[in-house]
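Asks: Below you'll find the structure I mean.
The values are calculated or read from the model by the stated rules, or taken from the named source; none is laboratory data. Since the structure is predicted, the reported quantities are computational estimates derived from the model, not experimental observations. Cβ placement follows ideal geometry from the backbone for every residue including glycine, while neighbour counts extend to all protein chains displayed. Areas reflect the complete protein model, heavy atoms only, side chains present, ligands, DNA and RNA absent. Shrake-Rupley method; radii C 1.70, N 1.55, O 1.52, S 1.80 Å.
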Amino acid sequence: MAERSVLITGGTGGLGTAVTATFVEAGWRVVAPQRHQPTPSPDPGPNAPVRLVADLTEADDVARVTEVAAEDPQAPLRAVVNLVGGYASAGLVHETPIEEFERMLTLNLRPTHLVTRAALPRLIEAGGGAVVCVASRAAVAPFPGVAGYVTAKAAVLAFASAVAVEYKSAGVRCNTVLPSIIDTPTNRADMPQADHSRWVAPTEIASVIRFLASEESAPTSGAAVPVYGRA
């Protein structure tokens with residue numbers, strides 16, 4: 001029986017699938033909300049993720065998801081992994097409509113803020129825990145054409161740093177991983193001529209995230225961890 005729970009957002013994506021599997025294998029109780037109704041598994045197994053439908057840009061849905069994540073007294077909520085996000089290239093700053101700029105902020109920053117805000121009291125009640133956020137190397141090394149994405153991921157990094165400072169005395173740590181290009185089927189399809197061997201595998205990032213969520217990384221908070229592979 002699991003002794004601790006983790007709330008993983010974006011758990012069905014290219015990175016999220018690997019992260020969810022890593023926590024399940026490590027014996028965590030995993031709660032993984034998703035936007036659409038999950039397909040029933042014929043044999044979910046005793047430690048299968050708890051899946052429920054939610055829009056994590058809506059505060060009411062986030063509150064409901066957090067309640068589920070913290071409802072098992074035998075497996076208190078001890079970690080939150082914020083994976084929800086998205087990428088878009090909309091041109092140079094003067095070419096990018098404000099609506100597209102704001103969409104990047106909504107997609108990348110709003111769920112991270114709402115979920116973390118809702119989970120923090122639960123983590124404190126459980127005696128402490130960890131929050132792991134996902135930014136991007138672009139947050140510290142921008143490239144042209146993606147100002148909305150760069151700004152949103154930089155904001156995620158700044159937000160995580162603020163959480164780390166504010167909740168240090170409560171025993172809650174907050175760290176951020178900064179991937180380069182993740183080796184997912186979608187990215188391979190979008191960039192077929194790239195050297196995929198230089199990209200970072202989802203399973204490699206998942207191992208780092210699990211470490212940051214565990215007591216093994218207890219002295220570490222406020223870190224921005226590069227997970228670039230060889231890219």
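Asks: Do you know the relative contact order of the chain, to the nearest whole percent, from alpha carbon pairs under 8 angstrom that are 6+ apart?
Replies: After rounding, I find 20 percent.
Asks: Another one. Any idea how far apart Ala26 and His113 come out in nm if each label point goes 7 Å out from Cα toward Cβ?
Replies: Placing both labels 7 Å beyond Cα along the Cβ direction yields 2.8 nm.
Asks: In addition: How much accessible surface does His94 have with a 1.4 Å probe, in Å² rounded to 10?
Replies: We get 150 Å² for His94.
Asks: Where only protein heavy atoms count, and the probe is 1.4 Å, what is the accessible area per residue for the chain in Å²? Provide the component values of the computation, followed by the final result.
Replies: On the way: 11180 Å² over 231 residues.
Accessible area per residue, the chain: 48 Å².
Asks: Could you work out the percent of alpha carbon pairs in the chain separated by over 32 Å, rounded to a whole number? Could the numbers behind the result be given before it?
Replies: Working: 4144 of 26565 pairs.
When every Cα pair of the chain is considered, 16 percent fall beyond 32 Å.
Asks: Taking Rh as the Kirkwood radius, which is the inverse of the mean 1/r over Cα pairs, what is the Rg/Rh value for segment 141-213? Could you put the intermediate results ahead of the total?
Replies: On the way: Rg = 15.3 Å, Rh = 14.5 Å.
Rg/Rh: 1.06.
Asks: Continuing with the same structure: Pick from Gly128, Gly148, Gly91: which residue has the top mean-square fluctuation in a GNM of the chain where Cα pairs under 10 Å get a spring?
Replies: Answer for the Gaussian network model of the chain: Gly91.
Asks: Something else about it: Listed highest first by mean packing, meaning other Cβ atoms within 10 Å per residue, what order do 179-189, 77-87, 114-124, 198-208 come in? Walk me through the numbers before you get to the answer.
Replies: Values: 179-189: 16.5, 77-87: 24.3, 114-124: 20.4, 198-208: 18.8.
Going from most to least packed, we get 77-87, 114-124, 198-208, 179-189.
Asks: Now for a separate question. Arrange the residues Met104, Met1, Met191 by how much accessible surface each exposes, largest first, with a 1.4 angstrom probe. Display every interim value, and only then the final one.
Replies: Details: Met104 5, Met1 195, Met191 70 Å².
Result of the area sort, largest leading: Met1, Met191, Met104.
Asks: Round to the nearest 10 and give me the degree value, 0 to 90, for the angle of helix 110-125's Cα axis relative to the longest principal axis of the chain.
Replies: It is inclined by approximately 20 degrees.
Asks: Can you tell me the relative contact order of segment 99-170? Whole percent, Cα pairs under 8 Å, sequence separation 6 or more. Spell out each step's value before the answer.
Replies: On the way: 50 pairs, mean separation 31.0, N = 72.
Reported relative contact order: 43 percent.
Asks: Sticking with this one: When the accessible area of the chain is split by element with a 1.4 Å probe, what percent falls to carbon and sulfur?
Replies: Numbers: 6140 of 11180 Å².
The C+S portion of the solvent-accessible surface of the chain is 55 percent.
Asks: What translational diffusion coefficient, to the nearest whole µm²/s, does segment 89-207 have by Stokes-Einstein, given a Kirkwood radius computed over alpha-carbon pairs, a temperature of 37 °C and 0.692 mPa s viscosity? Spell out each step's value before the answer.
Replies: On the way: Rh = 15.9 Å.
Once the numbers are plugged in, D ends up at 207 µm²/s.
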